[in-house]
1. Go through the stretch 1-41 and give me each residue that's at pLDDT 80 or above and hydroxyl-bearing (Ser, Thr, Tyr).
2. Return yes when Phe49 is modelled with pLDDT under 85, outside any helix (DSSP H, G or I) and under 30 Å from Ser33 (Cα atoms) and no when it is not.
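The values are calculated or read from the model by the stated rules, or taken from the named source; none is laboratory data. From a predicted model like this one, the values you see are computed outputs, not experimental measurements.
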Amino acid sequence: MELDNIEIIIEKYFQGETSIAEEKELKNYFTSSNVAQHLEHYKPVFGYFSLAKEQKFKQEIPLLPKSRDKKRNVAWLSIAASVLVLLGIGTYGYSNYGTANLNQGLGTYDDPEIAFRETQKALSQLSNHVNVGIESVHYIEEFDNSKNLIFKQ
């Protein structure tokens, strides 16, 4: 009768449906000396838990009280660095604000002839850059033509 009960509890155990009391019953049964022959292969499974329970950790863990101080120092250091960066950005922005206002007068001409010549220079430079871009487009068109010859779609 007890053997049938153990077999039922083993099935429930592997289904994950056992209670703590049933698991204790299995452990007690498999640690005893009168285990049925056909259930011997389960003995290491349930015997392992009793061995694992007896193991103790014997190595000492060194305590490092200074690590807490290091964390505080890192926190204060990061706050100080952030404040320093913000002050640097603010100083740079403030000093460049005055020079930006001075540079706003550039590009305005009183004489229309000088303004016309400067405009022609600027448009000539723009035209040169656009022409370089158009030449690149010709290369892409040539590539597409070659690709279409090779891979007839």
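1. Once the filter is applied, which keeps residues that are at pLDDT 80 or above and hydroxyl-bearing (Ser, Thr, Tyr), the stretch 1-41 yields Tyr13, Thr18, Ser19, Tyr29.
2. no
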